[in-house]
Amino acid sequence: MAFEITNEMLVGSLMPVIVYWVYGGLYTILGYSCNNYRLHPKEDEDEKNFASKKTVIKGVLGQQFRQFIATNLLYMITRGNDAGASSGQSTSFFVIARQFIVAMFVFDTYQYFLHRYLHQNKFLYKHLHSKHHRLVVSYPFGAIYSHPIEGLLFDIIGGTMAICISGMSPLTSAFFSSFCNMKSVDDHCGLMLPWNPFHIFFTNNTAYHDLHHQLYGGKYNFSQPFFSIWDKILGTYMPYSLEKREEGGFKLRPLKELKN
């Protein structure tokens, strides 16, 4: 039987991309008018980072193209299967809620252990993960900037595992992937806005992940993108406080003694 790309497949693969840039664009605009909620001065995005914004945009677009191809291949391979991404399965609210919870836990667990290993293995950190940490001062559209192999390991393989294990349909997986993109953008936006719903429901938030991006934070707060449970269980959790800067915004301060 010949493979064909359906409307459902296109929606499923393009929706997360559109959500990423729209949500990231919203935060970029807010960044110019919300200096009192910034974790870093705006100029630090250019002065303290080791990758230009042009390079970051090109890298993110390349990663999203690879995700587009992988997503459609996944849809074609699993099409017609009763297990996995079958479009004919029940789509009741409770089924979708259960699938989201399962997928979030699977994705978080996979990403924690992979993320921690990429920091502990000096070779892999140098040749793969250090590319993402060229952004010491993160910003919205740099959320998924990474080495292509790391992007494959984290987002494509990790996302596929979460979607297949939870049994999502292509349409449900599109909403889940979009939700993951929104959370990732939020974690990298550099703004601690008081009305942010992600900060209400998740302790793993913008400040939590920003601490990890600092030069002293590479041994802490590996959990992403939703919960902080694995950091707390395995001793890599670093609590922090937010102090107001005189010039506006917040200063992030770790509350435990740092490891060498």
Gln89 vs. criteria modelled with pLDDT of 90 or more and open to solvent by less than 60 Å² (accessible area, probe 1.4 Å): no
Whichever residue in the range 181-215 is β-branched (Val, Ile, Thr) and not in a loop (DSSP other than H, G, I, E, B) and, among such residues, is nearest to the chain's Cα centre (by Cα): Val185
Criterion violated by Arg79 - all others in (1) modelled with pLDDT of 95 or more; (2) open to solvent by 50 Å² or more (accessible area, probe 1.4 Å); (3) in contact with a Phe, Trp or Tyr (Cβ under 9 Å, 6 or more places away or on another chain) satisfied: (1)
The lone exception for Ser169 - which of (1) among the hydroxyl-bearing types (Ser, Thr, Tyr); (2) farther than 27 Å from Leu74 by Cα; (3) open to solvent by less than 10 Å² (accessible area, probe 1.4 Å) it fails: (2)
Test: residue in the range 147-160 that is at pLDDT 95 or above and outside any helix (DSSP H, G or I): yes
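The values are calculated or read from the model by the stated rules, or taken from the named source; none is laboratory data. This is a predicted model, so every value here is computed, not measured. Cβ: placed from backbone, ideal geometry, glycine included. Neighbour counts: every protein chain shown. Ligands, DNA and RNA are stripped out before the accessible areas are found, and what is left, the full protein with its side chains, is counted by its heavy atoms. Shrake-Rupley method; radii C 1.70, N 1.55, O 1.52, S 1.80 Å.
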